[in-house]
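Chemist: Supplied in structure tokens, the structure appears directly below.
Rule-based calculations on the coordinates, nothing more; no lab input. Fair warning: this is a prediction, and the values are worked out from it, not measured in the lab. So basically every Cβ, Gly included, is an ideal-geometry build from the backbone, and we count neighbours across all protein chains shown.
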Amino acid sequence: MALLNILRFPDPRLATVAKPVQAVDERIRTLVRDMAETMYAAPGIGLAATQVNVHEQVVVLDLSETKDDLQVFINPQIVAQSVETEVCEEGCLSVPGIYDQVERSMRVTVEALDLDGKKFKVEADGMLAVCLQHEIDHLQGTVFVEHLSRLKQTRIKTRLQKQAKAL
Ligand code: NI
């Protein structure tokens, strides 16, 4: 197990488009374990491989209060989404201390592979729908703040650059 370094916005590597995982093998299972450890330690509720500078389509989530319900999505694809949208406050381990409202589909259907390489499908709403869209965005090189206005994005970049300098 290892803690991985989380890239911070506006690191240009966060804009990389992740490639599909070719084989769900020991290397991927180790990546998933390390990503889970990194997410729990942060602490956070979701992490995409892009955020730890691995550009393959892997997402981990744990939305439980008790932090014992790890969900793993390999090569996740949104196969259906509702036209109805919902606005939720989001945050991100790559954008520490920043929270803002993002509008997304209320419901999504996602297909992915599990740790055994088996295909599964989830019909998500609520928090799970929000998180899946947020994490799948990461795999496509998009950070949630890029859904905000240009002005807000500029402000957030300035604030994070100041924080980074202060460290
Ligand atoms: Ni994020």
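Chemist: Taking other Cβ within 10 Å of each residue's Cβ, how do VAL52, VAL59 sort, fewest first?
Modeler: VAL52, VAL59
Chemist: Among CYS92, TYR40, GLN133, which residue has its Cα positioned farthest towards the positive end of the charge dipole of the stretch 12-166, with +1 placed on the Cβ of Lys and Arg, -1 on the Cβ of Asp and Glu, and the dipole taken about the Cα centre?
Modeler: Working it through, the farthest residue towards the positive pole turns out to be CYS92.
Chemist: Okay, next question. Compute the normalised compactness of the chain: alpha-carbon radius of gyration over 2.2 N^0.38 Å, N being the residue count.
Modeler: My calculation over the Cα atoms of the chain gives 1.00.
Chemist: Helix-derived [θ] at 222 nm for the chain: sum -39500 (n - 2.57) over DSSP H runs of at least 4, divide by residue count, nearest 500?
Modeler: So the calculated ellipticity at 222 nm is -9500 deg cm²/dmol.
Chemist: Where the only charges are on Cβ atoms (+1 Lys, Arg; -1 Asp, Glu), what is the dipole of the chain about its Cα centre, to the nearest 20 debye?
Modeler: Once rounded to the nearest 20, the dipole reads 900 debye.
Chemist: Right, here's the next one. Taking neighbour counts of Cβ atoms within 10 Å as a proxy for exposure, in what order, fewest first, do VAL21, VAL60 appear?
Modeler: VAL21, VAL60
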